[in-house]
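Q: Mind having a look at this structure? Questions to follow.
The values are calculated or read from the model by the stated rules, or taken from the named source; none is laboratory data. Owing to the predicted nature of the structure, the values given are computational and were not obtained by experimental measurement. Here Cβ is always computed from backbone atoms with ideal geometry, including for glycine, and neighbour counts include all displayed protein chains.
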Amino acid sequence: MKHDGPADPFAGSVERVVSRPRAVLFLAGYVRKTFAIAGMEARKLLHDPTELLTRAVQPALWLLVFGQVFTRVRAIPTGTMRYIDFMAPGILSQSVLFISIFYGISVIWERDLGILHKFLASPTPRSALVLGKAVSAGLRAFAQAFIVYLLAVALGVGMDWNPVSLLGVLLVVMLGAAFFSTFSLVIACIVKTRERFMGIGQILTMPLFFASNAIYPISIMPRWLQNISHANPLTYQVDALRGLMLAGGTSTYGLGVDLCILTAATTLLVAIGSRLYPSIAT
């Protein structure tokens, strides 16, 4: 006669113990593959460091010319804050935007050179490929942050040198670069040609910049532009940087809100980009 003994009380716990190392190994492998892609993209910068110098021209012109002039004329109301102080976080955000929004063209180049097909044939998850490119855009943006900080110090901007604030600036820069580079990648996956991509990128760049709080407060905008600005992720990046970069700076929406919006928007675009990424190879 078959004896039905009591169920093994350790069976479920053993399965959970076995599944945990698998999950940890998967997560570790995912992170390793993501940073492998990011490292490969970052090494391209070492072969052409002049890109950093050319990218530094635009923020230098904005701060040295536009910022200095409008600080003297006091045409834009910024309360008790000097205009050059108000503007510095906005110019850093602009630099992050400009260096990231055309990042997707590299995907089109990789397709034309046959590199993209090798990526897609690898066991690397598509989301790790997309996220790795987003992280590499953030690494490039760190160089822009360094340049803007040097210019801001030279112009006498009151900076917050608290280590926690500096780490917060790096986090916001990384999130902003990740968002706009992934947004760029999504556009590249849809249009699939360099000519169309460059045209759309140029169309989007300036509206994103001017429909934000980068160089003037939202309060002086017309109502319709205020509504657009509130839906613009660049607004929340500028707001977070204004609260972290400046001595005595404050965030209008709160750092928690800014970080949540940037993180949620980036996560959504990474998910969309992961679905569209293979389509650009066809």
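Residue-by-condition table, conditions (1) within 13 Å of Q237 (Cα to Cα); (2) at pLDDT 90 or above; (3) in contact with a Ser or Thr (Cβ under 7 Å, 6 or more places away or on another chain); (4) not hydroxyl-bearing (S, T, Y):
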| residue | (1), (2), (3), (4) |
| --- | --- |
| A134 | no, no, yes, yes |
| G138 | no, no, no, yes |
| Q144 | no, no, yes, yes |
| Y149 | no, yes, no, no |
| V157 | no, yes, no, yes |
| P163 | no, yes, no, yes |
| L170 | yes, yes, no, yes |
| V173 | yes, yes, no, yes |
| A177 | yes, yes, yes, yes |
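Q: If you don't mind, another one. So F10 fits all but one of (1) modelled with pLDDT of 75 or more; (2) over 25 Å from S95 (Cα atoms); (3) not charged (D, E, K, R); what number is the exception?
A: Here F10 clears every test but (1).
Q: While we're on this one: Being out of contact with any helix residue (DSSP H, G or I) (no Cβ under 8 Å at 6 or more places or on another chain), β-branched (V, I, T) and at pLDDT 75 or above narrows it down to one residue among V57, V18; which is it?
A: Exactly one residue qualifies, and that residue is V57.
Q: Going by the structure shown, is V186 among the β-branched types (V, I, T), over 27 Å from L61 (Cα atoms) and out of contact with any strand residue (DSSP E or B) (no Cβ under 8 Å at 6 or more places or on another chain)?
A: yes
Q: Which of the residues spanning the stretch 150-166 are farther than 11 Å from G67 by Cβ, outside any loop (DSSP other than H, G, I, E, B) and either free of Cβ contacts under 8 Å to residues at least 60 places away in the same chain or of a type in the set (A, V, I, L, M) (or both)?
A: L150, V153, A154, M159, P163, V164, L166 - these are the residues of the stretch 150-166 that are farther than 11 Å from G67 by Cβ, outside any loop (DSSP other than H, G, I, E, B) and either free of Cβ contacts under 8 Å to residues at least 60 places away in the same chain or of a type in the set (A, V, I, L, M) (or both).
Q: Which one of these is modelled with pLDDT under 85, under 16 Å from A145 (Cα atoms), part of a helix (DSSP H, G or I) and of a type in the set (D, E): E41, E51, E110?
A: None of the others qualify; the one that does is E51.
Q: Can you tell me which residues in the stretch 64-83 are in contact with a Ser or Thr (Cβ under 9 Å, 6 or more places away or on another chain) and surrounded by 22 or more Cβ atoms within 10 Å (Cβ to Cβ)?
A: Y83
Q: Residue check: is V57 in contact (Cβ under 8 Å) with a residue 40 or more places away in the chain, in a helix (DSSP H, G or I) and not aromatic (F, W, Y)?
A: When the stated conditions are applied, V57 does not pass them.
Q: State whether one or more residues within the stretch 169-180 are assigned to a helix (DSSP H, G or I) and either over 21 Å from G256 (Cα atoms) or free of Cβ contacts under 8 Å to residues at least 24 places away in the same chain (or both).
A: no
Q: Give me the helices (runs of 4 or more DSSP H) completely within the stretch 182-278, filtered to those with at least 2 residues that are buried (at least 18 other Cβ atoms within 10 Å of the Cβ), in contact (Cβ under 8 Å) with a residue 24 or more places away in the chain and at negative phi, ordered by residue number.
A: On the way: elements: 194-210, 223-230, 233-245, 255-276.
Hits in the stretch 182-278: 194-210, 233-245, 255-276.
Q: Within the stretch 79-102, is there a residue that is over 25 Å from the mean Cα position of the chain (by Cα) and farther than 24 Å from A247 by Cβ?
A: no
Q: OK, next. Considering only residues that are of a type in the set (V, I, T) and crowded, with 19+ Cβ neighbours inside 10 Å, which ones fall in the stretch 159-181?
A: V169, V172, V173
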